[in-house]
Amino acid sequence: MRRVLVAALPLLVLTACGSDESADDGPLTLTFDGSSCVYEGPDTLSPGPAEYSFTNETEEIATHAIVQITADDIALDDVQRLSETDPEWDGSPGSLGEDAGEIAGGGSTTMPDRSSEFTVDLTAGTYYFVCMYNSLENFTYGGGITVEP
């Protein structure tokens, strides 16, 4: 499944979601330090485009993905629990089960100690963030958001 994620990530059209609220809350950020992936921003957003930044605080090339949960019986708590307890969990949509998720954004590499700006357009649903080294090691769960009309 990791190879599928590698192939899919560079092909993504980069888009994030935002709301009128997020402009007042400041920018949406995702930060990876090699051991943690941290999302800072609102928990709930309105559908539509918004900007976000990905900061790579490691000494290696890193990347990230925004994954939409497409299965009705999976919640963000389930994803977090899997990321903490299942050694086979790799952050990919397939790690949730067949047809349980799809990549919605992310995928470009960010050089060490750099930040990159992205825009993603998310529809209503639940999403989670994952950060990783470009070698697809150290998949790290970074939290999630709900997009509501």
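If you go through segment 43-100 one residue at a time, how many are of a type outside the set (A, V, I, L, M, F, W, C), over 15 Å from T126 (Cα atoms) and part of a helix (DSSP H, G or I)?
Going through segment 43-100 one residue at a time, the tally reaches 6.
Does D121 count as assigned to a helix (DSSP H, G or I) and either free of Cβ contacts under 8 Å to residues at least 40 places away in the same chain or in contact with a strand residue (DSSP E or B) (Cβ under 7 Å, 6 or more places away or on another chain) (or both)?
No.
I'm checking my understanding of the structure. Among residues of segment 76-95 that are among the polar types (S, T, N, Q) and surrounded by 17 or more Cβ atoms within 10 Å (Cβ to Cβ), which one is nearest to S36 (Cα to Cα)?
S83
Are any of the residues in segment 134-146 part of a helix (DSSP H, G or I), small (G, A, S), touching a residue at least 12 places away in the same chain (Cβ under 8 Å) and under 16 Å from V38 (Cα atoms)?
No, segment 134-146 contains no residue that is part of a helix (DSSP H, G or I), small (G, A, S), touching a residue at least 12 places away in the same chain (Cβ under 8 Å) and under 16 Å from V38 (Cα atoms).
Restricting attention to segment 2-25, does a residue exist that is modelled with pLDDT of 90 or more, over 26 Å from G97 (Cβ atoms) and part of a loop (DSSP other than H, G, I, E, B)?
Checked segment 2-25: no residue is modelled with pLDDT of 90 or more, over 26 Å from G97 (Cβ atoms) and part of a loop (DSSP other than H, G, I, E, B).
Give the residues of segment 101-126 that are touching a helix residue (DSSP H, G or I) at 6+ places or on another chain (Cβ under 9 Å) and either at positive phi or crowded, with 19+ Cβ neighbours inside 10 Å (or both), sorted by residue number. Let's see the steps before the verdict.
Residues of segment 101-126 touching a helix residue (DSSP H, G or I) at 6+ places or on another chain (Cβ under 9 Å): 101-103, 106-109, 126.
Answer for segment 101-126, where residues must be touching a helix residue (DSSP H, G or I) at 6+ places or on another chain (Cβ under 9 Å) and either at positive phi or crowded, with 19+ Cβ neighbours inside 10 Å (or both): G101, I103, G106, G107, T126.
Scan (1) aliphatic (A, V, I, L, M); (2) closer than 16 Å to D99 by Cα; (3) out of contact with any Phe, Trp or Tyr (no Cβ under 9 Å at 6 or more places or on another chain) for the single condition A50 breaks and write down its number.
(2)
Could you list all residues from segment 86-114 that are closer than 15 Å to A62 by Cβ, among the hydroxyl-bearing types (S, T, Y) and touching a Phe, Trp or Tyr at 6+ places or on another chain (Cβ under 7 Å)?
Hit for segment 86-114 is T110, nothing else.
Residues in segment 32-64 that are of a type in the set (A, V, I, L, M, F, W, C) and within 14 Å of I145 (Cβ to Cβ): how many?
Adding up the residues that qualify gives 4.
Could you check segment 124-149 and list, in sequence order, the residues that are more than 20 Å from L96 (Cα to Cα) and in contact with a Pro (Cβ under 9 Å, 6 or more places away or on another chain)?
E148, P149
The values are calculated or read from the model by the stated rules, or taken from the named source; none is laboratory data. Computed from a prediction, not measured in an experiment: that's the story for all the values here. Glycine also receives a Cβ, built like all others from the backbone with ideal geometry; neighbour counts cover every protein chain displayed.
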